[in-house]
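I'd like to ask some things about the structure below.
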Amino acid sequence: MIEHILFLLLFPTLVFSETELETACSGTDRVYSDGSCLVLNKTAVKYSLAKVSCEHYLGYSGHLVFIRSVTVQNTLKQLIKNNSVSNVYVSYEHTNTTGLRNNSWFYAYTNGSTITASFLPWKTGFPSMATNNDRAYFSASGVIDVAGENLPL
């Protein structure tokens with residue numbers, strides 16, 4: 001059961017010096033990891049709005065989180081556990097619905113540009129075979145692909 005629909009932001013260190021970023025990244029809803037500040041926002045919104053909201057969150061530029069390593073994956077697990085939430089939007093988008101389900105997943109920026117996803121920590125049994133699943137969310141058990149704008153209830 002999804003308790004909240006939320007999203008995570010990633011603020012690149014290019015915006016701040018590392019010390020300033022670490023200082024700004026304190027609180028129960030955020031954590032500093034691998035040079036970035038991951039911020040949990042519990043506002044229930046659709047995927048596209050969550051994605052755009054990251055652009056100017058608290059006056060900083062960001063994007064939905066890119067899970068690029070086990071370190072980031074474990075940090076996300078701890079962040080959602082500490083905040084008693086089940087699932088969060090992540091920046092995985094599938095662009096080739098006719099290709100293999102494990103291929104053609106990208107990290108998507110708010111400006112529409114993408115880069116090939118380098119780390120796909122799928123939940124067991126995922127990605128599904130549904131060709132219309134073009135987005136993903138993260139739970140403590142891994143990444144799950146879904147179709148459309150809303151996380152499933």
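Only the coordinates and a few stated rules stand behind these numbers; no lab work does. Keep in mind it's a predicted model, so treat the numbers as computed, not measured. Glycine gets a Cβ as well: all are built from the backbone with ideal geometry, and neighbour counts include every protein chain shown.
Quick one: which residues, 5+ away or cross-chain, put their amide H under 5 Å from the amide H of Val143? H built at 1.01 Å from N.
The answer is Trp122, Lys123.
Now for a separate question. Taking neighbour Cβ counts within 10 Å as the exposure measure, how do Asp34, Asp134, Asp29 sort from fewest upward? All intermediate terms of the calculation are to be shown ahead of the outcome.
Values: Asp34 12, Asp134 19, Asp29 15.
Placing the least packed residue first, the sequence is Asp34, Asp29, Asp134.
Next question, about the same structure. Taking the number of other C-beta atoms within 10 Å as the exposure measure, put Leu79, Leu64 in order starting with the fewest.
Details: Leu79 21, Leu64 27.
Starting with the residue having the fewest Cβ neighbours, the order is Leu79, Leu64.
Tabulate in residue order the Karplus-calculated ³J(HN,Hα) for the stretch 62-71, using 6.51 cos²θ - 1.76 cosθ + 1.60 with θ = phi - 60°, rounded to whole Hz; enter x for Gly and Pro.
With coefficients 6.51, -1.76 and 1.60, one gets x, 7, 4, 5, 9, 8, 10, 7, 4, 4 Hz.
Shifting gears a bit: Which whole-number percent is the relative contact order of the stretch 20-64 (Cα, under 8 Å, 6+ apart)?
Numbers: 34 pairs, mean separation 9.7, N = 45.
So the answer I get is 22 percent.
Turning to a different aspect of this structure: Sorting Tyr107, Tyr60 on the 10 Å Cβ count, fewest up front, what's the list? Spell out each step's value before the answer.
On the way: Tyr107 22, Tyr60 17.
With the fewest neighbours first, Tyr107, Tyr60 line up as Tyr60, Tyr107.
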